[in-house]
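Heads up, the thing below is written out as structure tokens.
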Amino acid sequence: MNKEKVIIIGAGAAGLMAARELEKAGISFLIMEATDRVGGRAYTRQEDPIIELGPEFLHGETPLTEELMEEFKLTWCDFQFDQHIYTDGKLTQVPDFWDRLCGVISDIKLSDKDIPFSEYMSKLDHHNDYDKKIARSFIQGFDAADLGLISTKVVSEMKDQACDPKVRKMRRPVDGYGRLMKNLSAPFTNQIRYSHRINKIQWSHDSVVVRGTVGEGRVPFLLEGKHVIVTTSLAVMKNIEFDPMPEELQNYIDQNMMGHVTKMIAQLSSEFFHTFPDGNFPFIASPDMCFTAWWTTTPIHTGLVTGWSGGEKARRLEKKTLEERREVFIQELATITGQCPMKITSWLIKLHHHDWSADENFLGAYSYPRVHQGERQVPETAFEETLFLAGEAYHPEFSGTVEAALTTGKEAAEKIIKLSHTIKHHPSSARSPGPSV
């Protein structure tokens, strides 16, 4: 067996980025992917128009994503919109949306005890209900968080995202994230093993054994290697048996939750929404509805309208049948646009949707920090020179983004590459003992 071999679990953005770096360094690896495609939660249907069932935007500063897109000659465009809010039966432009949000978050006063954000907001009396609706809508939508679970202490640390124009800017990959994932995986497609689900990782210093099943028949398999990079979602990681389980990893899993998202995309035969001022459908927050955010592909005209729900509202929608969700989507889109539901139904070509929470390979959208007492630690991502972690959940600032997944995947690979070079130059270096496999 080649002791340089790395086992990468997951062919999402983090796993593919790690593989790219290892490939360039000449270190052999295999990728174990549970689904039948690359990309993970970046799930693009290359149709006409392109449908993004997962992440759709470049959020804030994204140097690594942009570097890769430029290398592959992929382009992006600014997501141009005016912020509007639909509440109390009216659609109103909110030019100071971000100032109002920043005001609420910047004014958070914390005691020694962390509390859920919903509890904090119920006690907040120096901001009006309008501003509090904006803050609730942002946390539910941006973080996909249940307001009764997300940490107020962590929300207070989101000042940069709310107050810095550079951080909150949004752009969209013109060809979708799927094209980027395909380009990343192209040099090593023969090193990806699809339909491989992991259920156990045994590891010690300098050795790892991965066990799982293949295909619908769940045929058992075993794979040995020297290092492993785990890039699964936190929810899926809870279902993997680690032998041993690092205490730091268990603590981090316990401190974080998987956010829930219901994203539905209507493909319409009529771009009726270009009757809005300037011919563009604005970004609409609708905090009183089931779908709390709405947008189109403006400035690109595609006939697509997206409804988004996060947190506890998404969890309630998930309990409905797909047909019931469809009815809610159409009714609420009709309400905020002043159209007849039957008219929108007549324009509807197809309603696109993927249930991330019900998908056993993901079990949610992306992570957020739950209420936690004491200091929150930066996650440990390397154990005994064998076990490495990567993915959006492990980025200290911008969890929930493709940029975070790419960055942590690259960092995990760089640690292994550095370790490999150190061993080659110092073959007799002392090693501390680890648990036996």
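The values are calculated or read from the model by the stated rules, or taken from the named source; none is laboratory data. Given the structure is predicted, the values throughout are model-derived calculations rather than measurements. Virtual Cβ from ideal backbone geometry, glycine too; neighbours counted across all protein chains shown. When the accessible area is computed, the model is the full protein with side chains, heavy atoms only, and any ligands, DNA or RNA have been set aside. Shrake-Rupley method; radii C 1.70, N 1.55, O 1.52, S 1.80 Å.
Just add up the charged neighbours of Leu333: K/R +1, D/E -1, any other residue whose Cβ is under 12 Å from the Cβ of Leu333.
Working: positive: Arg326, Lys343; negative: Glu327, Glu332.
With Lys, Arg at +1 and Asp, Glu at -1, the neighbours total 0.
For Pro165, what charge total do you get from the other residues with a beta carbon under 12 Å from its beta carbon, if Lys and Arg give +1 and Asp and Glu give -1? The partial results should precede the final answer.
Working: positive: Lys166, Arg168, Lys169; negative: Glu61, Asp99, Asp160, Asp164.
Residues close to Pro165 contribute a combined charge of -1.
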Suppose accessible area is computed on protein heavy atoms with a 1.4 Å probe; arrange Arg316, Arg20, Arg370 from highest to lowest.
Arg316, Arg370, Arg20
Please list His127, His59 in order of solvent-accessible area, largest first, computed with a 1.4 Å probe with all protein chains present.
His59, His127
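Report the gain in length on full extension from Thr75 to Leu124: 0.36 nm times residue separation, minus Cα-Cα distance, nm rounded to one decimal. It would help to have the intermediate numbers written out before the result.
Values: separation 49, 0.36 × 49 = 17.64 nm, distance 4.33 nm.
Length gained, Thr75 through Leu124: 13.3 nm.
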Partnerless cysteines (no other Cys beta carbon under 4.7 Å) identified across the chain are Cys77, Cys290, Cys340
When the Cα centres of the range 164-234 and the range 35-50 are compared, how far apart do they sit, in Å?
15
The range 182-270 - convex hull of the alpha-carbon atoms, volume per residue in Å³:
181
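If you place +1 on the Cβ of every Lys and Arg, -1 on the Cβ of every Asp and Glu, and leave all else neutral, what size is the dipole of the range 173-283 about its Cα centre, to the nearest 20 Debye?
Values: 10 positive and 11 negative charges, 83 e Å.
It comes to approximately 400 debye.
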Cα-based reach from Lys5 at 22 Å (exclusive), listing lysines while leaving out same-chain residues under 8 positions away
Lys24, Lys200, Lys226, Lys410, Lys415, Lys418, Lys424
Would you list Lys73, Lys226 from the most to the least accessible area, probe 1.4 Å?
Lys73, Lys226
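Mind running the shape call on the range 116-161? Use the C-alpha gyration tensor, a ≥ b ≥ c as the square roots of the eigenvalues: rounded below 1.5 for a/c, prolate if a/b tops b/c, oblate otherwise. Walk me through the numbers on the way to the answer.
Numbers: a/c = 1.41, a/b = 1.29, b/c = 1.09.
It is rounded, given that a/c, with a ≥ b ≥ c, falls under 1.5.
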To the nearest 10 degrees, how steep is helix 402-425 against the longest Cα principal axis of the chain, on a 0 to 90 scale?
10
Output needed: percent of Cα pairs per 10 Å distance bin for the chain, bins running from 0 to the one holding the longest distance.
4, 21, 30, 25, 14, 5, 1, 0
In Å², nearest 10: area of Glu47 left accessible to a 1.4 Å probe
80
In degrees rounded to 10, the 0-90 angle between helix 129-143 Cα long axis and the longest Cα principal axis of the chain is 30
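With every protein chain present, what is the per residue accessible area of the chain (1.4 Å probe, Å²)? Spell out each step's value before the answer.
Numbers: 18910 Å² over 437 residues.
On a per-residue basis, the chain sits at 43 Å².
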Karplus-derived 3J(HN,Hα) from phi for the range 206-222 (6.51 cos²θ - 1.76 cosθ + 1.60, θ = phi - 60°), whole Hz, x at Gly and Pro, runs 6, 7, 8, 10, 10, 10, x, 10, 10, x, 5, x, 6, 6, x, 9, 9
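Give me the net charge of Phe72's neighbourhood, meaning all other residues with Cβ under 14 Å from the Cβ of Phe72; Lys, Arg count +1, Asp, Glu -1. Don't skip to the end; give the middle numbers.
Working: positive: Arg20, Lys73, Arg179, Lys182; negative: Glu66, Glu67, Glu70, Glu71, Asp175.
So the surrounding residues net to -1.
Round to a whole number: what % of the accessible area of the range 173-228 belongs to carbon and sulfur, probe 1.4 Å? It would help to have the intermediate numbers written out before the result.
On the way: 1110 of 2410 Å².
Accessible surface attributable to carbon and sulfur in the range 173-228 totals 46 percent.
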Provide the solvent-accessible area of Lys123, counting protein heavy atoms only and rolling a 1.4 Å probe, rounded to the nearest 10 Å².
130
